[in-house]
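K.L.:
One structure, pasted below without further comment.
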Amino acid sequence: MKTTVYFIRHGTTDNNVGGRFQGSSDIPLGQTGLRQAYYLGERFAGMPVDAVYSSPLTRARQTAEGVCRHLSVQPVLVDGLREIDGGLLEGHTNEENRRAYPEVMDNFRNHPARFCPPGGESARQIHTRMTETVNRLIRENAGKSIVIVSHGFALQSYLACLDTPFDEMEPNIVGNASISCIVYGENDDFETKFYDDQSHLPEDLRFRSAFLKQGRAPGAKRAE
């Protein structure tokens, strides 16, 4: 029995474009993000999807609504899929946060397992939350195909640890409105069908933060 999960990072917000830390703040999609959500709907039109689960934060919910545009299902909001609570980092630009909290921001970019924003949620806490939530959704949908819409750091904390111990988590933030497809077997095995894919988006709608790092797909060979 195989279970297929399409992991999607929410579309682009004005804060993403401005390099401003969002975290648990409830920010809507910008115009680029709304257009990205439209193309996600086109990508999933006619695909066999049994359920769509989304973080309750507006930017994720709007993205999930785009995914469902041609489907017979509607998004189910799941609190465990929300983004990390960024505490005192939220609302400030990456550069402002680097000046105020240089070590914290170095961990955010280069050593994600050590990331712990002041007054917020630690990377280990969100890893535990995301892993428990995703594992539950997989169990509840065994043998089916589902979509999970979440956030950059939240997805990193789960996907980057599929084949890596938490303490060795690599920097690996997927692009906005990207899709990663993982197929799970019955014995905790998995296969990455594709990862961080933005091929459904026109070139002018593909957005990646210049500050954050993209990495290897789960299961792919590590760089020497």
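The values are calculated or read from the model by the stated rules, or taken from the named source; none is laboratory data. Since the structure is predicted, the reported quantities are computational estimates derived from the model, not experimental observations. Note: ideal-geometry Cβ built from the backbone for every residue, glycine included; neighbour counts use all protein chains shown. Remember, those area values only see protein heavy atoms, side chains included, never the ligands or the DNA or RNA. Shrake-Rupley method; radii C 1.70, N 1.55, O 1.52, S 1.80 Å.
K.L.:
Among (1) over 15 Å from the mean Cα position of the chain (by Cα); (2) open to solvent by 70 Å² or more (accessible area, probe 1.4 Å), there is one condition GLU90 misses while meeting the rest; what is its number?
P.N.:
(2)
K.L.:
Here is a list of conditions, (1) surrounded by 17 or more Cβ atoms within 10 Å (Cβ to Cβ); (2) within 15 Å of the chain's Cα centre (by Cα), and LEU71 meets all of them except one; can you say which number that is?
P.N.:
Result: LEU71 passes all but (2).
K.L.:
Mind checking which residues of region 174-205 are buried (at least 17 other Cβ atoms within 10 Å of the Cβ), free of Cβ contacts under 8 Å to residues at least 60 places away in the same chain and not in a strand (DSSP E or B)?
P.N.:
Scanning region 174-205 gives a single hit, GLN198.
K.L.:
Still on this structure: Is there any pair with a first residue in region 90-111 that is among the hydroxyl-bearing types (Ser, Thr, Tyr) and a second that is open to solvent by 60 Å² or more (accessible area, probe 1.4 Å) and modelled with pLDDT of 95 or more whose Cβ atoms are under 6 Å apart and which are 6 or more apart or on different chains, and what are they?
P.N.:
Matching pairs, first to second residue: THR93/ARG20.
K.L.:
While we're here: I'd like the full set of residues that are in a helix (DSSP H, G or I) and open to solvent by less than 40 Å² (accessible area, probe 1.4 Å), limited to region 109-139.
P.N.:
The answer is PRO112, ALA113, ALA123, ILE126, HIS127, MET130, THR131, THR133, VAL134, LEU137, ILE138.
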